[in-house]
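The next block holds one structure in the form of structure tokens; read it before the comments.
The values are calculated or read from the model by the stated rules, or taken from the named source; none is laboratory data. Everything numeric here is computed off the predicted structure, so don't read it as measured data. Neighbour counts are summed over all protein chains in view; Cβ atoms, including those assigned to glycine, are modelled from backbone coordinates with ideal geometry.
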Amino acid sequence: MRPIERKQLRRIVSEALAEDLVNRDITTNTIIPLDLEGKATILVKRDGGLAGLDAAKEVFRQIDPSLRFKALVKDGAKVRKGVVVATVEGKMASMLKAERTALNFLQHLSGIATETARYVDAVAGTKAIITDTRKTVPVLRLLEKYAVRVGGGHNHRLNLADGVLIKDNHLAILRSSGVGLGEAVKKARKRAPRTMKVEVEVESVEQAREALSAGADIIMLDNMKLKDMRRAVELVRGRALLEASGGITLDNVRSVAETGVDFISVGALTHSAKALDISLEVEPS
């Protein structure tokens with residue numbers, strides 16, 4: 001999977017540490033000797049997929065470059081409860097200041113990777129590709145979308161400049177000026193860069209027909225019933241890509257995939273994934 005750029009990772013971690021005022025940790029500064037050294041282990045307490053080791057390592061590095069972080073597995077590994085995934089050696093005070101921020105990254109990103117893998121496994125054997133959305137925590141999008149890739153999923157748009165996606169609110173505004181769905185697609189096609197895909201959100205098979213006639217590259221089937229998704233697949237017949245979106249759960253994702261759509265976008269991968277339980281256990285020398 002494509003890793004996050006080092007410069008971007010450093011920036012995100014720096015912002016997280018500034019938020020926690022790590023250099024003003026009043027508890028550690030008042031009771032833990034600065035010269036006390038030891039070792040800590042990072043322990044997984046629930047089965048899942050691991051993501052975020054580079055982020056955790058960067059936290060320890062920024063807190064204290066003398067700390068020695070050693071990853072024992074790689075991002076993307078399936079880990080069992082009780083497995084030690086990394087060790088840290090050096091000053092105990094530095095470890096304590098880094099602990100919560102490092103674990104926050106690891107737990108959150110591992111939770112996303114774990115949830116993504118569940119969806120990917122659920123559609124195995126179909127042609128459907130699981131993708132994320134822009135429903136991410138502000139500032140953490142790059143890391144969250146990385147975790148989706150770790151879990152075997154794919155990324156939808158990274159940001160608003162990544163592609164044309166004409167949604168219901170765009171269409172509602174345009175309709176007030178007498179501009180319909182087909183004309184909106186044609187306008188986007190004319191004004192967007194030639195290499196950029198044009199996607200439009202539709203709520204019915206008739207709208208899908210209009211989008212196809214207007215030359216849309218991707219048609220998003222928003223909250224459609226399974227029977228209507230199948231009708232849209234029959235209508236399009238590969239002349240555009242079809243994306244199912246809205247109301248997707250682990251209970252229904254397999255049925256959605258079996259309609260023949262190309263992509264299934266799932267906001268829950270990033271906005272509702274349960275954090276993987278991970279802890280740091282210290283061992284003073």
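Below, the figures for the structure above:
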| item | result |
| --- | --- |
| Yes/no for Ser255 being touching an Asp or Glu at 6+ places or on another chain (Cβ under 7 Å), polar (S, T, N, Q), surrounded by fewer than 23 Cβ atoms within 10 Å (Cβ to Cβ) and outside the structural domain of Leu109 (by TED's automatic domain parsing) | no |
| Residue in the stretch 80-101 that is farthest from Ala40 (Cα to Cα), counting only those that are touching a helix residue (DSSP H, G or I) at 6+ places or on another chain (Cβ under 7 Å) and part of a helix (DSSP H, G or I) | Thr101 |
| Lone qualifier among Val22, Val85, Val59 - being out of contact with any Gly (no Cβ under 8 Å at 6 or more places or on another chain) and under 24 Å from Gly153 (Cα atoms) | Val85 |
| Hits in the stretch 14-38 - residues which are closer than 11 Å to Met92 by Cβ, of a type outside the set (A, V, I, L, M, F, W, C) and exposed (fewer than 15 other Cβ atoms within 10 Å of the Cβ) | Pro33, Asp35, Gly38 |
| Lone unmet requirement of (1) among the hydrophobic types (A, V, I, L, M, F, W, C); (2) over 30 Å from Lys81 (Cα atoms); (3) assigned to a strand (DSSP E or B) for Val282 | (2) |
| Residue in the stretch 102-136 that is surrounded by the fewest Cβ atoms within 10 Å (Cβ to Cβ), counting only those that are in a loop (DSSP other than H, G, I, E, B) and more than 12 Å from the chain's Cα centre (by Cα) | Gly125 |
| Complete set of residues in the stretch 234-250 that are more than 20 Å from the chain's Cα centre (by Cα) and either outside the structural domain of Lys135 (by TED's automatic domain parsing) or part of a loop (DSSP other than H, G, I, E, B) (or both) | Arg237, Gly238, Arg239, Ala240 |
| All positions within the stretch 213-233 that are in a loop (DSSP other than H, G, I, E, B) and of a type outside the set (S, T, N, Q) | Gly215, Ala216, Asp217, Met224, Lys225 |
| Lone unmet requirement of (1) of a type in the set (Lys, Arg); (2) in contact (Cβ under 8 Å) with a residue 12 or more places away in the chain; (3) part of a helix (DSSP H, G or I) for Arg61 | (2) |
| All positions within the stretch 64-79 that are part of a strand (DSSP E or B) and either within 28 Å of the chain's Cα centre (by Cα) or buried (at least 16 other Cβ atoms within 10 Å of the Cβ) (or both) | Phe69, Lys70, Ala71, Lys78, Val79 |
